[in-house]
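The values are calculated or read from the model by the stated rules, or taken from the named source; none is laboratory data. In this text the structure is predicted, and so the values were computed from the model without any measurement. Because the Cβ atoms are built from the backbone with ideal geometry, glycine has one as well, and the counts that use them run over all protein chains shown.
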């Protein structure tokens, strides 16, 4: 058995690093786990199908090459991170997190169901990791940089900065958004009859739900949890367990 994991850049942790093998965390009797990560790919882009800028089209190329039977889908964090604030501060929308993300996540899961129509295929979904953006100044810088990178007009950039100042998002609100988005995705997945799993219990700060625990925070500005042996092992064990439930349940 080989489990292929497809998704955004956070999918990289499913890769079987040399250190995992050398450290004895790979049993030859266990499934092989392979990752196919796509930087900045979103659930919204995937849901757009052939009209997507790259997410779904690249996914189609990858599965044509892999011909997978055991599949893990790992999109959605981009939509709940920079995507959520792009719509809030650039598009100036007034939607709740539920109104914003629920249709996107349902459409993403529906696109997976439509694409993975082979009855021999087994699909599981991984949920969102807790956020590593745990400091206010970092949040402000990260969000502004990411949501304005395609805006060249200075007056438009200033307008975004003004809205961020006038309608600030605190770290507590950002953490709550991460938690709510995770539950919205879980509901979309389970309502469609798929197996869902995440690593929030393993990676979260127990005192601040939605935020990654200190030991999983990167030393540099990065919205990914630190790439450590523990993190890779957690991902490997979780996807194998989820696939076992999906295939035996």
Would you pick out the residues in the stretch 105-124 that are surrounded by 23 or more Cβ atoms within 10 Å (Cβ to Cβ) and either out of contact with any strand residue (DSSP E or B) (no Cβ under 6 Å at 6 or more places or on another chain) or closer than 25 Å to residue 218 by Cα (or both)?
105, 108, 109
List pairs: first in the stretch 56-67 and within 12 Å of residue 34 (Cβ to Cβ), second at pLDDT 95 or above, Cβ under 6 Å, 6+ apart or cross-chain?
62/36; 66/4
Pick from the stretch 27-47, criterion touching a residue at least 60 places away in the same chain (Cβ under 8 Å) and surrounded by fewer than 18 Cβ atoms within 10 Å (Cβ to Cβ), ranking: farthest from residue 188 (Cα to Cα)
30
Among the residues of the stretch 221-234 satisfying the criterion of being in contact with a helix residue (DSSP H, G or I) (Cβ under 6 Å, 6 or more places away or on another chain) and more than 21 Å from residue 134 (Cβ to Cβ), which is surrounded by the most Cβ atoms within 10 Å (Cβ to Cβ)?
232
Of the numbered conditions (1) modelled with pLDDT under 95; (2) farther than 18 Å from residue 114 by Cα; (3) surrounded by 19 or more Cβ atoms within 10 Å (Cβ to Cβ), residue 1 satisfies every one except a single condition; which is it?
(3)
Kindly indicate which of 188, 161, 175 is free of Cβ contacts under 8 Å to residues at least 60 places away in the same chain and touching a strand residue (DSSP E or B) at 6+ places or on another chain (Cβ under 9 Å).
175
Considering only residues that are free of Cβ contacts under 8 Å to residues at least 40 places away in the same chain and over 20 Å from the mean Cα position of the chain (by Cα), which ones fall in the stretch 90-117?
91, 93, 94, 95, 114, 117
Odd one out for residue 152 among (1) under 23 Å from residue 40 (Cβ atoms); (2) free of Cβ contacts under 8 Å to residues at least 12 places away in the same chain; (3) buried (at least 16 other Cβ atoms within 10 Å of the Cβ):
(3)
Filtered residue count, the stretch 173-196, keeping only those that are part of a loop (DSSP other than H, G, I, E, B) and either modelled with pLDDT under 95 or more than 25 Å from residue 96 (Cα to Cα) (or both):
2
Residue 99 is checked against (1) more than 17 Å from residue 6 (Cβ to Cβ); (2) part of a strand (DSSP E or B) and fails just one. What number does that condition carry?
(2)
Residue within the stretch 197-220 that is under 30 Å from residue 121 (Cβ atoms), in a strand (DSSP E or B), in contact with a helix residue (DSSP H, G or I) (Cβ under 6 Å, 6 or more places away or on another chain) and in contact (Cβ under 8 Å) with a residue 12 or more places away in the chain present
yes
I'm trying to understand the selection: among the residues of the stretch 12-25, which are touching a residue at least 24 places away in the same chain (Cβ under 8 Å) and surrounded by fewer than 23 Cβ atoms within 10 Å (Cβ to Cβ)?
12, 15, 16, 17, 19, 20, 23, 25
